[in-house]
Amino acid sequence: MAEPSPVRCAVIGTKHIAAQHIPVLQALPEAEVAALCDIDAEAVEETSRRFGVERTFTSVDALQAWGEFDAVYVLVSVLAVAEVAERFIRAGVPTFLEKPPGLYSSDTERLAQAAQETGTTAMVGLNRRFYTCLQTGREALLDTGDVVSVTVHADEDVSAQWAGTKFPPEVAMRWAYANSIHSLDLLRYLGGDVAKVTSVVRQRRLPKPDSFNALLEYESGAVGRAIADHFGPKGTGHWYEARTATAVLTSAATSAAPGDRLSSCTLVRAGREPVRFGLTGLDRRLKPGFPGESRAFLRAVQNGEPVSFPAPTLDDAVRTMKMIDEITGAEEWAPKPTS
């Protein structure tokens, strides 16, 4: 059987995270970067030169009028991603969205509804699910039995985001969605859907709640713990631990990535030697998780099918964001501004 043609991808948003996505797309036989689009003409031209992509646009209107692409990667700012993505989803164009798919659960619900109404393939870039070490480690853990507990730390110092100018105050206020979602989503990837959340929220240092602590009860009967302190030194950063009755899987940094405590994991089983799982394949030289998530999206586009687990659909992302709503209580202290 002949291999399907590469998916012609238009990358919308050429700053910051685009510099991680484009090399992945150029490394995958399933993809071809057909065009770049950014309202910042200087940024799109610089990215064009850097990665050798000739076709560029400075407006979404012009890109959509051109139309010679099979899918879009929406890598624009957090405050714009839902608006841009909805336009292509409603036009029936397969759409990959960088996290978060909306800064508010209501935005993501609107996108999910659009995807349901149009039948458009859409996927959210929660790349930690695709770390090769975690995927292999999770499979090995599940071989020992059902998960009974999951603990996720999403600790980080948010003071720079709050005090700086890189991110608007609205984004800094809802940093649990803008960034911590990556690790908090692992609560569901490792434990399944959540039935109940009991949360304790405190304000310690920032001019907003910045300490989030929650006990989760899963539909399976398992228990989860979420901890996200957004103040002080980075400390232990983002990491996870998942247990069955006879084994525990714990994430850790490596010498190659000392700042990433998700870049390896170790399985300890009763009466057996520990087994360590590291990054493999393209994860070793490109942004970890990005090759796997793009393969999942591109193959779904080639096959004309929805993405499947572990790839996060928009419905899946809604469930993660609503879980974060309950962990942080942000809908009470940082609700969506009314227009």
Taking region 249-285, which residues are in contact (Cβ under 8 Å) with a residue 60 or more places away in the chain and among the hydrophobic types (A, V, I, L, M, F, W, C)? 249, 262, 265, 267, 275, 277, 279, 282
Is it the case that region 84-102 has a residue that's among the hydroxyl-bearing types (Ser, Thr, Tyr), in contact with a Phe, Trp or Tyr (Cβ under 8 Å, 6 or more places away or on another chain) and under 30 Å from residue 215 (Cβ atoms)? no
Can you tell me which residue in region 290-326 is surrounded by the fewest Cβ atoms within 10 Å (Cβ to Cβ), limited to those that are assigned to a loop (DSSP other than H, G, I, E, B) and in contact with a strand residue (DSSP E or B) (Cβ under 8 Å, 6 or more places away or on another chain)? 313
Among residues belonging to region 188-213 that are among the aliphatic types (A, V, I, L, M) and under 20 Å from the mean Cα position of the chain (by Cα), point out the one that is surrounded by the most Cβ atoms within 10 Å (Cβ to Cβ). 190
Is it the case that some residue within region 162-172 is open to solvent by 50 Å² or more (accessible area, probe 1.4 Å), among the aliphatic types (A, V, I, L, M) and out of contact with any Gly (no Cβ under 9 Å at 6 or more places or on another chain)? yes
Take region 327-339 and flag every residue that is assigned to a helix (DSSP H, G or I) and either buried (at least 18 other Cβ atoms within 10 Å of the Cβ) or of a type in the set (S, T, N, Q) (or both). 327, 328, 330
What is the number of the single condition among (1) open to solvent by 10 Å² or more (accessible area, probe 1.4 Å); (2) out of contact with any helix residue (DSSP H, G or I) (no Cβ under 9 Å at 6 or more places or on another chain); (3) in contact (Cβ under 8 Å) with a residue 40 or more places away in the chain that residue 138 does not meet? (2)
Using beta carbons and a limit of 8 Å, which pairs, at least six apart or on different chains, have the first residue in region 24-43 and more than 21 Å from residue 304 (Cβ to Cβ) and the second one at pLDDT below 95 and open to solvent by 50 Å² or more (accessible area, probe 1.4 Å)? 38/15; 40/15; 43/15
Out of all the residues in region 318-339, which are over 12 Å from residue 103 (Cβ atoms) and in contact with a Lys or Arg (Cβ under 8 Å, 6 or more places away or on another chain)? 319, 320, 323, 333
Please work out if residue 184 is over 20 Å from residue 333 (Cβ atoms) and at pLDDT 95 or above. no
Among the residues of region 112-127, write down those that are among the charged types (D, E, K, R) and surrounded by 23 or more Cβ atoms within 10 Å (Cβ to Cβ). none
Looking at region 165-180, is at least one residue modelled with pLDDT of 95 or more, under 22 Å from the mean Cα position of the chain (by Cα) and of a type in the set (Asp, Glu)? no
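The values are calculated or read from the model by the stated rules, or taken from the named source; none is laboratory data. Because the structure is a prediction, the values reported are computed rather than measured. In this analysis, Cβ positions are derived from the backbone assuming ideal geometry, glycine residues included, and neighbour counts consider all displayed protein chains. Quick note on the areas: whole protein, heavy atoms, side chains included, nothing else; ligands and nucleic acids left out. Shrake-Rupley method; radii C 1.70, N 1.55, O 1.52, S 1.80 Å.
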